[in-house]
Amino acid sequence: GVTRLLLTRIPFFKEIIVSSFACDSCSWSNTEIQSAGRIQEQGVRYTLAVTSRQDMNREVVKTDCATARIPELDFEIPAFTQKGVLTTIEGIIDRAVAGLEQDQPVRRATDEEVASKIDEFIGKLKQLKEVHSSFTFIIDDPSGNSFVENPHAPQKDDALVVTHYRRTPQQAAMLGLELDEKPADSAEGLRNEVLQFNTNCPECNAPADTNMKLVQIPHFKEVIIMATNCDSCGHRTNEVKSGGAIEPQGTRITLRITDPSDMTRDILKSETCSVEIPELEFELGMGALGGKFTTLEGLLKDIRDLVERNPFTLGDSSTPGKTEKLQEFIGRLQEVKGKAKAHFIMDDPAGNSYLQNVYAPEEDPELKVERYERTFEQNEDLGLNDMKTEGYESEGTSAR
């Protein structure tokens, strides 16, 4: 098809761009308008009392962000539901009628009651065109670029009230205007933004991108999710780090798995967390699998993959006896994911791990969370014994 553009000026208003599209194959055509100027300093509201057929012929510029209303019928055309148009008041009503009639055959087949009500409303809209009684036509445009013709210009039109107003923050955001006075690197901005930085793929060392996002876990704290995707070899990895400090006490979380639905519980396993399943005589030490934000089923799957990927356990380098034991362990692990009951224990000396309480904020009868004082060895593993955060400046000065 062919699209034609025309820059034209509306008297006593401003310049607009009229675009017209026509298709020779199917004869479909379409027209729309765009403002040729910038968004105005203030929004505008036109309120017209329609009392005669001549008022129906008034020219109207309705941008795509403008709202058109007829209060007497509780009728409204919301913003961004139609393209901008240069038409008349009668044309806007005709366009609304055509839109309502478009799906009426389907409605009559599926919901006759709704279709009859819409038919009744369409009849009321068509009666407006005859102007048997006066009604009010309102166009509200936050961008200030809509227009209703004043046929008496430059004299005042008593039937037309033009009101300019200051936009609300919501209207400014709808128009894409930046009103946020906070600095771009503020903490609030970082929470709503995915940060990206360059790195190298851990598998093939090709340049790759790492995405980083702050996420608030309900009833817990903020965490940092980092994901790397390599376009060269397809390697993907993700890691979770705590967004807060090391807690004053360690945390031991015990979940009694009684139902397959427990597999859908969210889990945050920090790098310092160890995992234990007593029924399987299984224990996963600190640092294994790194930080994970997943579900209980996802963590058990990662544990299985960790066992299967090790060439010294199930590969060519394994011994027959060890292979049989590990195959039995994998089978019992699958039973835990299915029907078998078991205890799942997470022990995190740093206190930065989390297991979802599906009854939150109420207590979960199957979930037990214990706080405990760390031992000297645990503080040593976390590097806290030699960490001095107070008085170090004065000691350094006296030593010199």
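Points to keep in mind about this one:
- Residue check, residue 337 of a type outside the set (Phe, Trp, Tyr) and in a strand (DSSP E or B): no
Here's the yes/no breakdown for (1) open to solvent by 30 Å² or more (accessible area, probe 1.4 Å); (2) more than 35 Å from the chain's Cα centre (by Cα); (3) at positive phi; (4) at pLDDT below 90:
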site: 16; (1), (2), (3), (4): no, no, no, yes
site: 34; (1), (2), (3), (4): yes, no, no, yes
site: 40; (1), (2), (3), (4): yes, no, no, yes
site: 43; (1), (2), (3), (4): no, no, no, no
site: 48; (1), (2), (3), (4): no, yes, no, no
site: 52; (1), (2), (3), (4): yes, yes, no, no
site: 63; (1), (2), (3), (4): no, no, no, yes
site: 66; (1), (2), (3), (4): no, no, no, no
site: 72; (1), (2), (3), (4): yes, yes, no, no
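- Close Cβ contacts (under 9 Å, 6 or more residues apart or on different chains) running from residues in segment 223-242 that are without any contact (Cβ under 8 Å) to a residue 12 or more places away in the chain to residues that are open to solvent by 50 Å² or more (accessible area, probe 1.4 Å) and part of a strand (DSSP E or B) comprise 236/229.
- Counting only strands (runs of 3 or more DSSP E) wholly contained in segment 251-312, the ones carrying 1 or more residues that are open to solvent by 50 Å² or more (accessible area, probe 1.4 Å), in the same structural domain as residue 363 (by the TED database) and without any contact (Cβ under 8 Å) to a residue 24 or more places away in the chain occupy 282-284.
- Qualifying positions in segment 117-145 - assigned to a helix (DSSP H, G or I) and aromatic (Phe, Trp, Tyr): 121
- Test: residue 337 is at pLDDT 85 or above and either surrounded by fewer than 13 Cβ atoms within 10 Å (Cβ to Cβ) or charged (D, E, K, R) (or both): no
- Residue within segment 84-106 that is open to solvent by 90 Å² or more (accessible area, probe 1.4 Å), of a type in the set (Val, Ile, Thr) and part of a helix (DSSP H, G or I) present: yes
- Every residue from segment 14-61 that is in contact (Cβ under 8 Å) with a residue 40 or more places away in the chain, in a strand (DSSP E or B) and charged (D, E, K, R): 32, 45, 59
- Long-range neighbours under 6 Å by Cβ, at least six apart or interchain, first residue closer than 16 Å to residue 85 by Cβ within segment 140-162, second open to solvent by 20 Å² or more (accessible area, probe 1.4 Å) and at pLDDT 90 or above: 140/45; 140/67; 148/46; 149/59
The values are calculated or read from the model by the stated rules, or taken from the named source; none is laboratory data. For clarity, every value in this text was computed on a predicted model and none was experimentally measured. Cβ coordinates were reconstructed from backbone atoms using ideal geometry, including for glycine residues, and neighbour counts include every protein chain displayed. We work out accessible area using only protein heavy atoms, side chains counted, and drop any ligands, DNA or RNA first. Shrake-Rupley method; radii C 1.70, N 1.55, O 1.52, S 1.80 Å.
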